[in-house]
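The values are calculated or read from the model by the stated rules, or taken from the named source; none is laboratory data. All of these numbers come straight from a predicted model, not from anything done at the bench. Note: ideal-geometry Cβ built from the backbone for every residue, glycine included; neighbour counts use all protein chains shown. Areas reflect the complete protein model, heavy atoms only, side chains present, ligands, DNA and RNA absent. Shrake-Rupley method; radii C 1.70, N 1.55, O 1.52, S 1.80 Å.
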Amino acid sequence: MPERPIRVLNVVGARPNFMKIAPVMRALGAREGAQAVLVHTGQHYDERMSHLFFEQLAIPRPDVNLEVGSASHAVQTAAIMQRFEPVVAEQEPDVVVVVGDVNSTIACALVAAKLHVPVAHVEAGLRSFDRRMPEEINRRLTDAISDFLFVTEPSGLSNLKAEGAAEEKVHFVGNVMIDTLLANLEKARASRVLEDLGLQPRAYAAMTLHRPSNVDDGETFASLFGAIREIARDLPVVFPAHPRTRKNMEAFGYFEGDRLGGVRLVEPLGYLDFLRLMAEARLVLTDSGGIQEETTILKVPCLTLRESTERPVTVDVGCNQVVGRDPERILAAYRRVMAEDDFTCPAPEKWDGHAAERIADVLLERLGG
Ligand code: UD1
């Protein structure tokens, strides 16, 4: 054994990061050779976007909160970097673990790499090949400066290979988001969200929308939302709206008159409520990345309201259809899903609940903990 355990500095910032870091913190916490430290950048800060997830997923209180809050991309990324640099200097970690593709991911990876601290990227190699998505820029840059590339699906391996990533950096470990889903599914079944909303299992659709490309432009949003209103005439659509989306909808005048149609707008839900809402839905409509993966394990048909996906395995196994924003295409896909009774699909390789343990194994072996 070395003189001290390896110190792993884990970073979270935005909502989808929390379910990814929870199993990593747990796996590291179970190893004698590792000491896990947690930094929250504060990119997301609302109770329902942040704290609730810590509570429900039993994530330890962050050792440090950088409290950056919302701002433009440049201002937010710069603020995270400025505040994260002294933390790395003080903590002297052996590795910095970043997850996903949000601004906090690239900001902290860049700081660590410049201080010569190895960077581990969880969820490496995913590519939408659409550089208009801020996440695509964040992913590519983070992968380019990472020393450990932890991959969730086969496309990640081929993308990294095509970009010339050194083979010894790449580890196909599976999906930490699915670790969290499998660990919490039983608990989620006890959620009262369906009863509270007056919904019957398999008799509603759940929807999320928050991509700037879908919700920031009034005309684009109106066309997309028109298709959703059409679906809501047939099947209740529950829509926990992200703060970005809610603010835009307010500005576009959706809370006046009957512009919501039958769509049921609700506050963002906690992890367990949303998991049950997805698990018992007839179908899910989304532009999120993680939800494409979660529905695949829950075996609930997913219509992805985007032109591309960086998670093609969810399409390959037959759970996800990338239907874009054209109302006709969305409605045609909806009708196809509704016509199919006994939907199922196989789980992607290594989405088995043990990805974080594989990550801990690699870090301890390579860093000598
Ligand atoms: C961010 C991520 C996106 C991820 C999403 C999940 C980037 C570039 N984008 O997008 O990849 O899918 O999180 O939610 O990192 N706001 C609040 N309360 C909060 C957080 C945000 O009201 O707790 C509002 C603010 O008005 C803010 C806006 O939402 O300006 C957008 O937040 P931001 O973190 O910039 O981007 P997201 O759209 O949340």
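Before moving on, here are some points about what is shown:
- The fraction of accessible area contributed by carbon and sulfur in the stretch 1-107 is 48 percent, rounded to a whole number (1.4 Å probe; ligands and nucleic acids excluded).
- Ligands, DNA and RNA are left out, and with a 1.4 angstrom probe the accessible area of the stretch 1-46 is 38 Å² per residue.
- Protein heavy-atom accessible surface, 1.4 Å probe, per residue over the stretch 87-175: 38 Å².
- Legend: residues Met338, Met207, sorted from most to least accessible area (1.4 Å probe; ligands, DNA and RNA excluded), read Met338, Met207.
- Taking the C-alpha atoms only, the angle from helix 355-367 to the longest principal axis of the chain is near 20 degrees.
- Paired Rg and Dmax values of the stretch 173-243, which use every Cα atom, in angstrom: 15.6, 43
- The stretch 90-248: relative contact order as a whole-number percent, Cα under 8 Å and 6+ apart: 16 percent
- Listed by chain and number, the lysines whose C-alpha is less than 28 Å from the C-alpha of Lys247, apart from same-chain residues fewer than 8 away, are Lys20.
- Computed with a 1.4 Å probe over protein heavy atoms only, the accessible surface of the stretch 178-336 comes to 39 Å² per residue.
- Annotation: average projected area of the stretch 140-201 is 6.4 square nanometres, based on the convex hull of Cα atoms across all directions.
- Solvent-accessible area, 1.4 Å probe, carbon plus sulfur percent, for the stretch 307-369: 47 percent
- Order of exposure, largest accessible area first, which applies to His121, His210 with probe 1.4 Å: His210, His121
- Kirkwood estimate for the chain, i.e. one over the average of 1/r between Cα atoms, Å: 21.0 Å
- Where only alpha carbons of the stretch 119-276 are counted, the Rg and the Dmax (Å): 19.4, 59
- Residue by residue, the stretch 283-291 carries 3J(HN,Hα) couplings of 7, 10, 10, 7, 10, 7, x, x, 5 Hz when phi is fed to the Karplus relation 6.51 cos²θ - 1.76 cosθ + 1.60 (θ = phi - 60°); x denotes Gly or Pro.
- For the stretch 194-240, trypsin sites (Lys or Arg not before Pro) are listed when DSSP marks them as loop and at most 12 other Cβ atoms sit within 10 Å of their Cβ; the list is Arg202, Arg233.
- With contributions of -39500 (n - 2.57) from each DSSP H run of at least four residues, the per-residue ellipticity at 222 nm computed over the chain stands at -13500 deg cm²/dmol.
- Cα long-axis angle, helix 327-339 against the chain (0 to 90 degrees, to the nearest 10): 90 degrees
- Mean separation of Cα pairs under 8 Å and 6 or more residues apart, divided by the residue count, gives the stretch 270-330 a relative contact order of 28 percent.
- q = 0.23 Å⁻¹: log10 I(q)/I(0) that the Debye formula gives for the stretch 22-138, counting C-alpha atoms only: -1.56
- Counting protein heavy atoms only, the stretch 139-214 has 53 percent of its accessible area on carbon and sulfur, 1.4 angstrom probe.
- Average Cα contact separation per residue, the stretch 1-104, under 8 Å, 6 or more apart, as relative contact order %: 38 percent
- In degrees, nearest ten, helix 134-144 long axis to first principal axis of the chain (Cα): 30 degrees
- Rg/Rh for the stretch 83-150 stands at 0.98; both radii use Cα atoms, and Rh follows the Kirkwood definition.
- Rule-of-thumb Rg ratio for the stretch 208-253 [Cα; 2.2 N^0.38 Å; N residues]: 1.10
- Note on the stretch 225-369: Cα Rg divided by 2.2 N^0.38 Å, N the number of residues, gives 1.22.
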